[in-house]
Structures are given as structure tokens and as C-alpha cells.
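Below is the structure I would like to discuss, written out as C-alpha cells.
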Amino acid sequence: MDRLSIRGGRPLNGVVPISGAKNAALPELCACLLTAQAVTLENVPRLQDVATMFKLIRNMGVKVERNDVDGVVSVNAGGLITPEAPYDLVKTMRASVLALGPLLARFGRARVSLPGGCAIGSRPVDQHIIGLTAMGAEIVVEHGYMIAKLGQGLTRLQGARIATDMVTVTGTENFLMAATLAQGETILENAAQEPEIGDLAEMLIAMGAKIEGHGTSHIRVEGVDSLHGCRHRVVADRIEAGTFLCAVAATGGDVLLTNGRADHLEAVIEKLRSAGASVTAVDGGIRIQSSGRLKAQSFRTTEYPGFPTDMQAQFMALNCVSSGSATVTETIFENRFMHVNELVRLGARIQIDGRIAVIEGVEKFSGATIMATDLRASAGLVIAGLVGDGDTVVDRVYHLDRGYDQMESKLRALGADIERIRT
Ligand code: EPZ
């Protein structure tokens, strides 16, 4: 398992390009299942999770090619498709559940492994099943698989009004994709509002779907008989951008994030400004300037447009070396504090009480060997290493590779002393 070796204490300066969003590329690759025509996706990030999604849809019979020159990905689901997502692939990437809606919508059947839990929580998919059942699907769970087909006498999914028990990002995406080919109108109440959903909707509209209200909690879809191909550019990754903003805030420096979208990170940027960093939206990106020790900021993770749970570990690392104390409340996942014990090994002062972590800032981290436990935790640990006194080695960085496109080379280009140790 590869490790990252980081010698802390250096400021970050320069320009960093923000890649396409993992959490937009994954549903958008599944959306290609909705048409027999060719789809072209630009700005698809080079990530382990994207490689897994390529494998998943290729396994169904979809043709997927990435052009080595410009990185553009061509997808064609026009051949013979086996509507299945096997356990050995789904267990490594929960986002595989996003195949369920498109497969049901286009082929009327699907056999998709239950994703199982993951490090940050049990991650059930009960709402996906409830919503698709409301659209006329019959879904039984057998031997760890969701076996889905159209209800008695139905030849296609039916439009429905879906109000989930809680806001679910991939649930909203599954319903949105399924509704594009359903008979009649579908209304999604308390839909997720993340920018990745808006980006998926724009791609579906380019394919001929009739959608309005995306980006709000109330989405309306009028089903059509078929969708055609399109060319779509994946939106920039707001979590990668937020991660780099927290890194510069912690180390100090002056960095321009090209392609970063400040309008997709307002909650995080507001907290960074309160902490004392200067963050400005500039033409084509975001600029951050930070010097000296910042002030610790309390925050609660909530659904978009609130503070994103995917930024919790990164901002906690920043809080650990800021002045004063702060509380971090994780309201989305039940077990998303696994980075805390690793930060404590670096000298952080953190007390956990259920879903609340109380942080008392220290001057600096002391370098040590630590272990990544999940994707965003590993990003938080890298930030900690960048400000650690001495050497920090982050183990199990395969977690990082799932969701960050060449993070260590991007950080090195900004002046960080970081290298990958291949083992
Ligand atoms: C998406 O996961 C993201 N993944 C996650 O990013 C992100 O943390 C999460 O949304 C919240 O923003 C992708 O988009 C691929 P949810 P998702 O359904 O859709 C509960 C990363 O680091 N719930 O919005 O799985 C669930 O347990 C990843 O990039 C049910 O109970 O999250 C959680 O408590 C990590 N039943 C809450 O809802 C369901 O059927 C929100 O989950 C669905 C969800």
C-alpha cells in the first residue's frame, strides 16, 4: 500500500488546477446508460472511483474510451447490455447504486448488489428502493442483491411524487435519471441541491430530458420516450477546491485555484474568512491568501448549501492548529470522526461527545506516522502533515486516490515537500 511522506512547515504558493468533480462524473457515467447513442464527457477526473465506474459499465457491455491526448471520455451503451452490477465491484464503490435508476428506466430490469456499509456509516439505500418502487418498480433483496423489475403489466416506469425521509444525494440522482424516461410527470420533494445534481440535470437536458427546478429542493421531470447522445463537461470539484483552500489556510501562502467555483463553496469560504484568511472569487477561479495563525471556527455539517460533510475532516485539521477552541458537529454520517484519533497522534487536542468534536487549538502538529481511514479523512491528514513539525507519513493512501486527482504532485507544484512511497 502506497504511503505519503510529508515534511511540514512550508507555505503553499502558486497556481493549482481543480479537476472535474468525482461526485458529478460518477452519476454522469451512469446517465450514459439511458441512451443507445454516443455520449462524450469532458473534464472527467483521473480517479480510482472513476476507473471502477468504467469497469462497472464495461462489465455491462458499455463501450468506454478515454482519449489520451485531451482526456475526453467517449461512452456508448448502444450494444447488448447486461443490466447487472456485481458485488465485487459494488463493494469497492457505493456509488455503483447509481446504475439502478438508469437500468430500470431503459431496460425495465436490473440486478445490483447492495453496497454494504463503509467506514463512515451504514449507508443504507432504503430510500432509493422506496422511491423507485413508487415509480412502479418491484425490487426484492435476495442474497445481497437488489433484483428490480417493472411491476405487473407495466412496460415502463411511471411518474410519481417522491418525498424521501431525509435528503439523499445519490437517491435524488437515481430518481432524476429514472424519471427522464418514465411515463408522465415526476415530482421530487426535499430533493438534494448539491451542484453535482444541477450538473447531472444539465447533462440530461442536453440528452433531451425535460427537467426543471434542479438545484432546488423541488424538481419536476416530464418523462420522454427516449434520450439521445450529448457532449457534456463535468463541473469542477468543489470538494477538491475546498481541500486546497483549507491546506493553504493552514500552511499560509498565496494560491490561485483555476476552475474552482467560489459560488459552490460559500459556506466553507465564509468560515475561512471568519478564521482570518482572504478568499476572493477571481476570473476563472478562487484566490486564497493566508498568513499567521487563524482563529478556530465552529461549524455543523448539513445538506447543501450548508457546510458540506465532505469538508469536515479538512476544516477540522485547520481548526487543530488555529487559535482558540471550536466545536465541529457532524449531522450527516454517524461515524465520520475516524480522523480524530490520527490527528490526536499528531498532537491535536480533540474531545468527542457523540456527533460533536470539541477542538482546542495547538501551535503546531508534531510529525508522526498516521493511517488514513476513508477518503476525506485522508485529505485532512495530509493537511495536518503539511503543517506538522518534522516528518509525517500517511499510510493507506489508496483512500486518497479514490477521490483526488494527483494530489501530491499538485501540492508539490505549490512548494510542499511531499512524496509518494510506493510499497
Ligand atoms: C453522497 O453520498 C456523496 N457521494 C458523499 O460523498 C457525500 O458525503 C454524501 O452524498 C452527503 O453529501 C456521492 O455523491 C458518490 P446521502 P450518498 O444519500 O448519496 C442516509 C465523498 O467523500 N440515507 O446523501 O450516499 C445516509 O445514511 C462521498 O465523495 C439513508 O438512510 O449520501 C446519510 O446519513 C462520501 N437511506 C444521509 O442519508 C438512503 O436510502 C445522507 O446520505 C440514503 C441515504
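Take the residues in the range 217-262 that are open to solvent by 30 Å² or more (accessible area, probe 1.4 Å) and within 18 Å of the chain's Cα centre (by Cα); name whichever of them is farthest from Gly284 (Cα to Cα).
Ranking the candidates gives Arg233 first.
Kindly indicate whether any position in the range 104-125 is under 26 Å from Glu42 (Cβ atoms) and open to solvent by less than 50 Å² (accessible area, probe 1.4 Å).
Among the residues of the range 104-125, at least one is under 26 Å from Glu42 (Cβ atoms) and open to solvent by less than 50 Å² (accessible area, probe 1.4 Å), which makes the answer yes.
Test of understanding: among Gly253, Gly292, Gly242, Gly276, which residue is in contact (Cβ under 8 Å) with a residue 60 or more places away in the chain and on the phi > 0 side of the Ramachandran plot?
Gly253
With the structure loaded, tell me whether Leu12 is open to solvent by less than 20 Å² (accessible area, probe 1.4 Å) and outside the structural domain of Leu103 (by TED's automatic domain parsing) or whether it fails that test. Give the derivation first.
Numbers: open to solvent by less than 20 Å² (accessible area, probe 1.4 Å): yes; outside the structural domain of Leu103 (by TED's automatic domain parsing): yes.
Criteria met by Leu12.
Right, here's the next one. Can Leu200 be described as away from the ligand (no atom under 11 Å from the Cβ) and either of a type in the set (A, V, I, L, M, F, W, C) or surrounded by 21 or more Cβ atoms within 10 Å (Cβ to Cβ) (or both)? Give the steps one after another, and end with the answer.
On the way: away from the ligand (no atom under 11 Å from the Cβ): no; either of a type in the set (A, V, I, L, M, F, W, C) or surrounded by 21 or more Cβ atoms within 10 Å (Cβ to Cβ) (or both): yes.
Against the criterion (away from the ligand (no atom under 11 Å from the Cβ) and either of a type in the set (A, V, I, L, M, F, W, C) or surrounded by 21 or more Cβ atoms within 10 Å (Cβ to Cβ) (or both)), Leu200 does not qualify.
Output the number of residues of the range 390-423 satisfying the condition of being touching a strand residue (DSSP E or B) at 6+ places or on another chain (Cβ under 7 Å) and either over 23 Å from Val328 (Cβ atoms) or in a loop (DSSP other than H, G, I, E, B) (or both).
So the count comes out to 20.
Looking at this structure, is Gly324 surrounded by fewer than 24 Cβ atoms within 10 Å (Cβ to Cβ) and not acidic (Asp, Glu)?
yes
Yes/no per residue for (1) surrounded by fewer than 24 Cβ atoms within 10 Å (Cβ to Cβ); (2) at pLDDT below 95; (3) out of contact with any strand residue (DSSP E or B) (no Cβ under 8 Å at 6 or more places or on another chain):
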residue	(1), (2), (3)
Val282	yes, no, no
Gly285	yes, no, no
Gly292	yes, yes, yes
Thr301	yes, no, no
Leu346	no, no, no
Gln351	yes, no, no
Gly361	yes, no, no
Ala372	no, yes, no
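If I filter the range 378-406 down to residues being within 21 Å of the chain's Cα centre (by Cα) and among the polar types (S, T, N, Q), which single residue comes out as least open to solvent (accessible area, probe 1.4 Å)?
Filtering first and then ranking leaves Ser378.
Right, here's the next one. Regarding the range 42-63, can at least one residue be identified that is under 25 Å from Val224 (Cα atoms) and within 16 Å of the ligand (Cβ to nearest atom)?
Filtering the range 42-63 down to residues under 25 Å from Val224 (Cα atoms) leaves 57, 60-63.
Checking which are within 16 Å of the ligand (Cβ to nearest atom) leaves us with 57.
Scanning the range 42-63 turns up at least one residue that is under 25 Å from Val224 (Cα atoms) and within 16 Å of the ligand (Cβ to nearest atom).
Let me ask you something else. Only one of (1) at pLDDT 95 or above; (2) within 30 Å of Gly198 (Cβ to Cβ); (3) out of contact with any Lys or Arg (no Cβ under 9 Å at 6 or more places or on another chain) fails for Glu330. Which number is that?
Looking at each condition in turn, Glu330 falls short on (3).
Sort out which residues of the range 48-71 are open to solvent by less than 40 Å² (accessible area, probe 1.4 Å) and out of contact with any Gly (no Cβ under 6 Å at 6 or more places or on another chain), and write them in order of number.
Result: Asp49, Val50, Thr52, Met53, Phe54, Leu56, Ile57, Met60, Val62, Val64, Gly71.
Answer with yes or no whether Gly184 is within 16 Å of the ligand (Cβ to nearest atom), surrounded by fewer than 22 Cβ atoms within 10 Å (Cβ to Cβ), assigned by TED's automatic domain parsing to the domain that holds Leu29 and modelled with pLDDT of 95 or more. Let's see the steps before the verdict.
Values: within 16 Å of the ligand (Cβ to nearest atom): no; surrounded by fewer than 22 Cβ atoms within 10 Å (Cβ to Cβ): yes; assigned by TED's automatic domain parsing to the domain that holds Leu29: yes; modelled with pLDDT of 95 or more: yes.
So Gly184 does not fit the description; no.
Continuing with the same structure: Would you point out which residue out of Ala99, Ala148 is buried (at least 16 other Cβ atoms within 10 Å of the Cβ) and in a helix (DSSP H, G or I)?
Of the residues listed, the single one that is buried (at least 16 other Cβ atoms within 10 Å of the Cβ) and in a helix (DSSP H, G or I) is Ala99.
Then there's this: So which pairs qualify, if the first residue must be in the range 159-175 and near the ligand (Cβ under 9 Å from one of its atoms), the second must be of a type in the set (Asp, Glu), the Cβ gap must be under 6 Å, and the two must be at least 6 apart or on different chains?
Val167/Glu303; Val169/Glu194
Additional query: Which one of these is open to solvent by less than 50 Å² (accessible area, probe 1.4 Å), within 21 Å of Glu196 (Cα to Cα), in the same structural domain as Ala357 (by TED's automatic domain parsing) and part of a helix (DSSP H, G or I): Met316, Met311?
On inspection, the qualifying residue turns out to be Met311.
Can you find even one residue in the range 71-80 that is more than 12 Å from the ligand (Cβ to nearest atom), without any contact (Cβ under 8 Å) to a residue 12 or more places away in the chain and farther than 23 Å from Ala192 by Cα?
No, the range 71-80 contains no residue that is more than 12 Å from the ligand (Cβ to nearest atom), without any contact (Cβ under 8 Å) to a residue 12 or more places away in the chain and farther than 23 Å from Ala192 by Cα.
So Ser409 fits all but one of (1) away from the ligand (no atom under 16 Å from the Cβ); (2) crowded, with 23+ Cβ neighbours inside 10 Å; (3) within 25 Å of Asp49 (Cα to Cα); what number is the exception?
(2)
The values are calculated or read from the model by the stated rules, or taken from the named source; none is laboratory data. Quick caveat: nothing in here was measured; it's all calculated off a predicted structure. With ideal geometry, Cβ positions are generated from the backbone for all residues, glycine too; neighbour counts draw on all protein chains shown. Surface accessibility is based on the protein's heavy atoms, side chains included, excluding ligands, DNA and RNA. Shrake-Rupley method; radii C 1.70, N 1.55, O 1.52, S 1.80 Å.
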